[in-house]
Amino acid sequence: MNSSAASPARSPSSRHSARACRSSGTWEARYPAIVKLWENAWAEFVPFLAFDKEIRTLICTTNAIESLNARFRRSVKARGHFPTEQAALKHLYLVIISLDPTGRGRQRWSNCWKAALNAFDIT
């Protein structure tokens, strides 16, 4: 089985189905429950494959969001409480700023998202 069928973000189209996993025999022999789950959820997964490769890659990438959320939680837990909502928002803003002290994060962000943004149709 090729590596593109193993990764949904890199799969070229919906022609790669869960049956491909079953036909190889390797996946079904090692992971029968996973193959069955994949086949049952295939109808919900197929619309995901309609997106371009760049957009699928972006959808599958959540590490940055999870990292930011962890920083927020850690910082708020260390701080305790906030007298006002504005104080809480200011604290979260300062957490974001402290993540990128050089100010080059926006440039890195735009470089990572450029391919996905170009893949969207603007009508």
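The values are calculated or read from the model by the stated rules, or taken from the named source; none is laboratory data. Computed from a predicted structure; not experimentally measured. Ideal geometry is used to build each Cβ from the backbone, glycine not excepted, and the neighbour counts take in all protein chains shown.
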*Hey, among I55, I65, which residue is touching a helix residue (DSSP H, G or I) at 6+ places or on another chain (Cβ under 9 Å), modelled with pLDDT under 85 and of a type outside the set (S, T, Y)?*
I55
*Out of curiosity, is A70 of a type outside the set (V, I, T), modelled with pLDDT of 80 or more and closer than 23 Å to A116 by Cα?*
no
*How many residues, within region 41-82, are surrounded by 14 or more Cβ atoms within 10 Å (Cβ to Cβ) and not in a loop (DSSP other than H, G, I, E, B)?*
14
